[in-house]
Amino acid sequence: MHYYNFNGAALVSAQPLEGFGPEVEPAGSWRMFAAVPGDPVLGRASFKVTHPGQLTQAGHGLETLDASRLPQVQADERIARAIEDGRVTAVNISRPGWEKLIRWSPSTGKKRVNIVAIGDVGSTLLTGLKLLGGDVISSIGICDLSDQITARWEFEMGQINLPWDYNVFPEVEVIPPERLFDCDLFVFVASKGIPPVGSQVKDVRMAQFEANAGIVKHYAKMAREKQFGGLWCAVSDPVDPLAKTAYLESNKDENGVWDGQGLLPEQVQGFGLGVMNARAAYFARRDPRLASFLTEGRSYGPHGTGLFIANSIQNYDEEISQELTQLTVTANLKMREIGFKPYVAPALSSGALSLLLTLRGEWHCGSVFLDGVYMGVKNRCTPAGVETELLPRIPDPLFGHIREAAEHLKTIL
């Protein structure tokens, strides 16, 4: 390992670094930063290191989910202990402006949440945050094209309270578009062109991509102009491509040229996997053959085509996993067959509940930037950065499905 004192921070690298001055004994600070090579656009900007193999280019890829697939890096006792203690943040030194990441530290206290579009999904998500988010949310701002809709929901939410204890739930206020990024979490729930119930559209999510991507581009540019420093949360369909759209578009100048001056990839997360995981659990609870998912299973990939449900990490069964995946992917179509739009469970499982787990720094299902796409995995936000679950070994067939999901997402954007 090679250590440097960079702007007062302890910087470590698996390879010698040119232009960083002489190697020194690392500073005695609690936090350490690891200089990691990576693509300036499609690589991660920063992340929490949980394995020495992530100190290489592999830290940006799908291998970072599987300890057995990471390269073997000889880590000295100092960095090994720091990784074990959870105090190492990797920074992509190929990315313009990476030096700012050295000075970043997470804010404390309750967070402000702003939501754009208060339709079926937005209003349900808002209700969940209002009722369950008092421990981590200070207040909620709502914005919509319709003043009538926001007036209604401000009025409704203001009348939800416990008797004699009127400060338990976060306040909800109507805000204008120019205040949307005065917050810690921006939640994008806007959507256009949802195919009606009974339509013959087979892939409802992708049918929305073109229209919704245009809306995302608008708000991504707003985030850039405001130099937004919080988390940009994509909840609208198709979640994962829209998350990548937000990241890419925010980093383009007025001529459409990439300049890296917008959102960092870890500032964007897609919230669609939560309901897919919950749907898998729904079916697993009703069929003993699928029940292993409840204690050993995992969900990977996008909110839709490419998703894969593993019945078990320890006792993986391809046939059972395929069956559970098919049930999960088509669950929304069954709701449409009943005659209703499938929005309540997504708004709560993918939206409100997953957002609250994120704010609490707890494990949740969401899409984070890996291998150049937003990939749905088990992850959490920590003081050292985004941490993705690292398993000792992912079975080869399952890892193949994860790769297929990533390749599918690359064909979209």
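The values are calculated or read from the model by the stated rules, or taken from the named source; none is laboratory data. Predicted model, so just to flag it, every value in this text is computed and none were measured. In this analysis, Cβ positions are derived from the backbone assuming ideal geometry, glycine residues included, and neighbour counts consider all displayed protein chains. Just the protein is used for accessible areas: all its heavy atoms, side chains included, with ligands, DNA and RNA removed. Shrake-Rupley method; radii C 1.70, N 1.55, O 1.52, S 1.80 Å.
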Counting only residues that are open to solvent by less than 30 Å² (accessible area, probe 1.4 Å) and among the aliphatic types (A, V, I, L, M), which one in the stretch 345-364 is farthest from the chain's Cα centre (by Cα)?
Ala347
In the stretch 206-235, anything open to solvent by 10 Å² or more (accessible area, probe 1.4 Å), under 16 Å from Phe186 (Cα atoms) and either small (Gly, Ala, Ser) or not in a helix (DSSP H, G or I) (or both) is listed as Lys226, Gln227, Phe228, Gly229, Gly230, Leu231, Val235
Tally the residues that are over 24 Å from the mean Cα position of the chain (by Cα) and either more than 17 Å from Pro302 (Cα to Cα) or in a loop (DSSP other than H, G, I, E, B) (or both), restricting the search to the stretch 324-343.
8
List the pairs whose first member sits in the stretch 171-187 and is of a type in the set (D, E, K, R), whose second member is in a strand (DSSP E or B), and whose Cβ atoms are under 6 Å apart, counting only residues at least 6 apart or on separate chains?
Glu171/Ser139; Glu173/Gly141; Asp184/Lys111; Asp184/Arg112
If I ask for residues that are over 16 Å from Phe308 (Cα atoms), of a type in the set (S, T, N, Q) and either in contact with a Leu (Cβ under 6 Å, 6 or more places away or on another chain) or outside any helix (DSSP H, G or I) (or both), which ones from the stretch 366-413 would you list?
Asn379, Thr382, Thr388
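For every residue, the table says whether it meets (1) under 20 Å from Ala352 (Cα atoms); (2) open to solvent by 70 Å² or more (accessible area, probe 1.4 Å); (3) in contact with a Lys or Arg (Cβ under 9 Å, 6 or more places away or on another chain); (4) not acidic (Asp, Glu).
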position	(1), (2), (3), (4)
Thr124	yes, no, no, yes
Asp147	no, yes, no, no
Asp165	no, yes, no, no
Val172	yes, no, yes, yes
Pro176	no, no, no, yes
Phe181	yes, no, yes, yes
Residue, least open to solvent (accessible area, probe 1.4 Å), within the stretch 365-382, restricted to residues that are over 9 Å from the mean Cα position of the chain (by Cα) and under 17 Å from Leu185 (Cβ atoms)
Thr382
Residue in the stretch 187-198 that is at pLDDT 95 or above, open to solvent by less than 10 Å² (accessible area, probe 1.4 Å) and not in a loop (DSSP other than H, G, I, E, B) present:
yes
Does Val268 meet the test of being out of contact with any Gly (no Cβ under 9 Å at 6 or more places or on another chain), at pLDDT 95 or above, β-branched (Val, Ile, Thr) and open to solvent by less than 10 Å² (accessible area, probe 1.4 Å)?
yes
Report yes if Arg81 is surrounded by fewer than 22 Cβ atoms within 10 Å (Cβ to Cβ) and touching a residue at least 12 places away in the same chain (Cβ under 8 Å), otherwise no.
no
